[in-house]
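Notes to accompany the following structure.
The values are calculated or read from the model by the stated rules, or taken from the named source; none is laboratory data. Keep in mind that what you see is a predicted model, and the values were worked out from it rather than measured. Glycine gets a Cβ as well: all are built from the backbone with ideal geometry, and neighbour counts include every protein chain shown.
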Amino acid sequence: MPSDMNIVGVKLYLQGKLTEGGVSISDGKIAKIGKESTLPPSSKTLQGHRLLALPGLVDVHAHLRDLELSYKEDYFSGTSAAAAGGFTTLIDMPNTSPVTDSAERLREKMDIARRKIVVNVGFNIVPSNLEEVTKAKELAVGYKINLVKPWSDLSLDDSTLTSLINRAGLIGKMVIFHAEDGAMVSRLENEFKENASIQSYYRAHPPEAEDVAVARVLGCTAEQTKIHFCHISSVGSLRLIKTAKQQRKKITCEVTPHHLFLSRERASKWGGISIMDPPLRNREVAKRLFSALKKRAIDIVGTDHAPHSIGEKAQLPWWKIPPGIPGLETALPLLLTEVKRGNISLKRVIEAMAETPAEIFGLNRGKLKEGNPADIILVDLNRRFKIDSSIFFSKAKYSPFDGRGVVGKIVKTFVGGKLVFDENRIVEAPGAGTILTPKNTWA
C-alpha cells in the first residue's frame, strides 16, 4: 500500500548513530525506516539532500501566554517559534492570565489553543486546591508549583506540598517545581530595593534560595513519587538532587540554554533582557552546569521560553522588569554549535532535548521509530548563521544571544507527518497542531 510521503536521501539519527536512508510516513506516523530501496512506494517523495533527520524536539517548559497576555505571545506565534526551532511538542505552563488553576480553566484554554497551535501542545495546571489534582487528571500532563511567587490559592506549607506530591503520584502524575525559597527572596528584594541597579536582582535571588527550596521539596517527597525541578542553576541544588537520586527517589531536573551559555559577568550589556528567574550565575557555575548536562547529572534541557514585550523588558527600576526571554528559536542551534565544536555529543543533545523529556513526561515521541508519530526535523549541521531576534516568529523580538554566530539550521519541521516549517516559513494554517492530554499522549 502506498505511503503518504517518503523522505529520502537523509542521514537518520537512529539509536545514537547516523545512518543514510529514508523515512516513510502514513496516517501521520512513521511507517517504515530504512534504505530508500526498502521503503514502500509513495505518492510524494521529498529529497533530503543529506540533511540530518532528527526526532522532533520536546520542550517541557514553555510559556505560550495568549488569553489576556496575547500581546506578549499567542498560541500561533509561540508554536510557530517552536516549529522554527525544531520543537514539535511543548508543555505549556499555567501562569497565564487568568491563571490555569482548575480543570474548568484548562478546558477553556484548550478550546482557544486548539484553533491556533501548529505543533503538539500539552498543559500543566497550578491547582487552586488538592481536589483539582483529581479533577484535572484526564486533561493535565502535570502540576506546576512556583515556590517563590505562588500562582494560585494553594497553600505552600510542607503538609500541603506532601499531600500534593502524594496525590499526584497515586494517579501517575508528576509535580513540577520552580524551586526558590519565597521568604528568603522576598526579604532580600525588599532589602535591595534601595539600589536601582540590575545587579541588585542577582543579590535578591542567590543560589542559596534555590538550595533551600530544593532541600525542602525533597523532604516532602516519598521514594515512589515523581517530581521534576525546572531550570536548575545552582551547584548546591545539583548535589542535593544527586543524593536524592542515589537514595532511589524519582527525581529529574532540567537546565536552560541561558544558564549554560550566559553569565552574570556580562549582564550589564543586556540591561533588562538579562533578568530571568532564576537569575544568571557566574561563568564557573555555567561551566559546571554544562558538565553536569554532559554527564547526565542534569536530565534534560528546557527552554523556559518566557516572552514579554520589549517595553516591559526596558523598564526601570529592576523590580518592575518581568523575568524571562524567548528561547524556542535559539536552543537547538546553541547546542548544535557545541556539538560542532566537539564539546558535547549529538547523542547527548538528542537525549536531553527529545528522548528523555518524552520519557519523563510519558509521551510517545522523541525518537525516530516505526509506529511513532512522524515528528521529524531536517537540519543542516554545516549551515552557519547569526542569531537575529528581529526575524523571530515569537512576538518577543529580543535576545541576549543576538548576533551570536551558531551552526545548525533547522530547514524543515514535520509534525504528525505534516510539513509545518519550511525554509523560514510556516506553511500550515493555525490549528494544524494537536492538543495532548493523558488520554492521547501515546496516540
Requested in this report: Please work out if Arg341 is among the charged types (D, E, K, R), surrounded by fewer than 16 Cβ atoms within 10 Å (Cβ to Cβ), in contact with a strand residue (DSSP E or B) (Cβ under 6 Å, 6 or more places away or on another chain) and farther than 30 Å from Arg203 by Cα.
Outcome: no
Query raised in the report: Hey, among Pro322, Pro333, which residue is in contact with a His (Cβ under 9 Å, 6 or more places away or on another chain) and outside any strand (DSSP E or B)?
Result: Pro322
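Here is a list: Ala396, Ala352. Which entry is in contact with an Asp or Glu (Cβ under 9 Å, 6 or more places away or on another chain), of a type outside the set (Val, Ile, Thr), surrounded by 18 or more Cβ atoms within 10 Å (Cβ to Cβ) and under 20 Å from Ile300 (Cα atoms)?
Only one candidate passes the filter, namely Ala352.
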Query raised in the report: What single numbered condition from (1) of a type in the set (S, T, N, Q); (2) farther than 23 Å from Glu359 by Cβ; (3) modelled with pLDDT of 95 or more fails to hold for Ser43?
Result: (3)
Query raised in the report: Looking at the range 137-144, is at least one residue modelled with pLDDT of 95 or more, assigned to a helix (DSSP H, G or I), farther than 30 Å from Val427 by Cα and of a type in the set (Ser, Thr, Tyr)?
Result: no
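When you check Ile117 against the structure, is it closer than 30 Å to Thr413 by Cα, among the β-branched types (Val, Ile, Thr) and assigned to a helix (DSSP H, G or I), yes or no?
no
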Requested in this report: Just name the residue that is surrounded by the fewest Cβ atoms within 10 Å (Cβ to Cβ) out of those in the range 367-391 that are touching a residue at least 40 places away in the same chain (Cβ under 8 Å) and under 24 Å from Arg264 (Cβ atoms).
Outcome: Ile387
**Report entry** Test for Lys242: is it of a type outside the set (Phe, Trp, Tyr), within 25 Å of the chain's Cα centre (by Cα), outside any loop (DSSP other than H, G, I, E, B) and surrounded by fewer than 21 Cβ atoms within 10 Å (Cβ to Cβ)
**Finding:** yes
**Report entry** Leading residue by the ranking (farthest from Asp211 (Cα to Cα)) among those in the range 228-254 that are among the charged types (D, E, K, R) and out of contact with any Ser or Thr (no Cβ under 7 Å at 6 or more places or on another chain)
**Finding:** Arg248
**Report entry** Members of the range 292-325 that are at positive phi and buried (at least 24 other Cβ atoms within 10 Å of the Cβ)
**Finding:** Asp304
**Report entry** Cβ pairs under 6 Å, 6+ apart, first in the range 313-324 and farther than 15 Å from Ser268 by Cβ, second in a loop (DSSP other than H, G, I, E, B) and β-branched (Val, Ile, Thr)
**Finding:** Gln315/Ile321; Pro323/Ile275
Query raised in the report: Is it true that some residue in the range 355-363 is of a type in the set (A, V, I, L, M, F, W, C), closer than 23 Å to Pro307 by Cα and in a helix (DSSP H, G or I)?
Result: no
Query raised in the report: Which of the following residues is within 15 Å of Asp299 (Cβ to Cβ), at pLDDT 95 or above and of a type in the set (A, V, I, L, M, F, W, C): Ile165, Ile251?
Result: Ile251
Query raised in the report: If a residue has to be crowded, with 24+ Cβ neighbours inside 10 Å, not in a helix (DSSP H, G or I) and not aromatic (Phe, Trp, Tyr) to count, how many in the range 73-87 make the cut?
Result: 3
**Report entry** Top-ranked residue of the range 195-221 - restricted to ones that are of a type in the set (Val, Ile, Thr) and assigned to a loop (DSSP other than H, G, I, E, B), ranked as farthest from Thr160 (Cα to Cα)
**Finding:** Ile198
Query - Qualifying positions in the range 401-411 - crowded, with 22+ Cβ neighbours inside 10 Å and over 20 Å from Lys347 (Cβ atoms) - result: Phe401
Query raised in the report: Restricting the search to the range 127-161, which residues are under 29 Å from Glu208 (Cβ atoms), out of contact with any Ser or Thr (no Cβ under 7 Å at 6 or more places or on another chain), of a type in the set (Gly, Ala, Ser) and in contact (Cβ under 8 Å) with a residue 12 or more places away in the chain?
Result: Gly142
Query raised in the report: What number of residues within the range 162-194 are aliphatic (A, V, I, L, M), assigned to a loop (DSSP other than H, G, I, E, B) and either surrounded by 23 or more Cβ atoms within 10 Å (Cβ to Cβ) or in contact (Cβ under 8 Å) with a residue 40 or more places away in the chain (or both)?
Result: 1
Query - Residue within the range 266-276 that is part of a loop (DSSP other than H, G, I, E, B), crowded, with 24+ Cβ neighbours inside 10 Å, touching a Gly at 6+ places or on another chain (Cβ under 9 Å) and in contact (Cβ under 8 Å) with a residue 12 or more places away in the chain present - result: yes
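For (1) charged (D, E, K, R); (2) under 24 Å from Asp92 (Cα atoms), each residue gets a yes or a no:
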| position | (1), (2) |
| --- | --- |
| Ser274 | no, yes |
| Asp277 | yes, yes |
| Arg281 | yes, no |
| Val301 | no, yes |
| Ala306 | no, yes |
| Pro326 | no, yes |
| Leu335 | no, yes |
| Lys340 | yes, no |
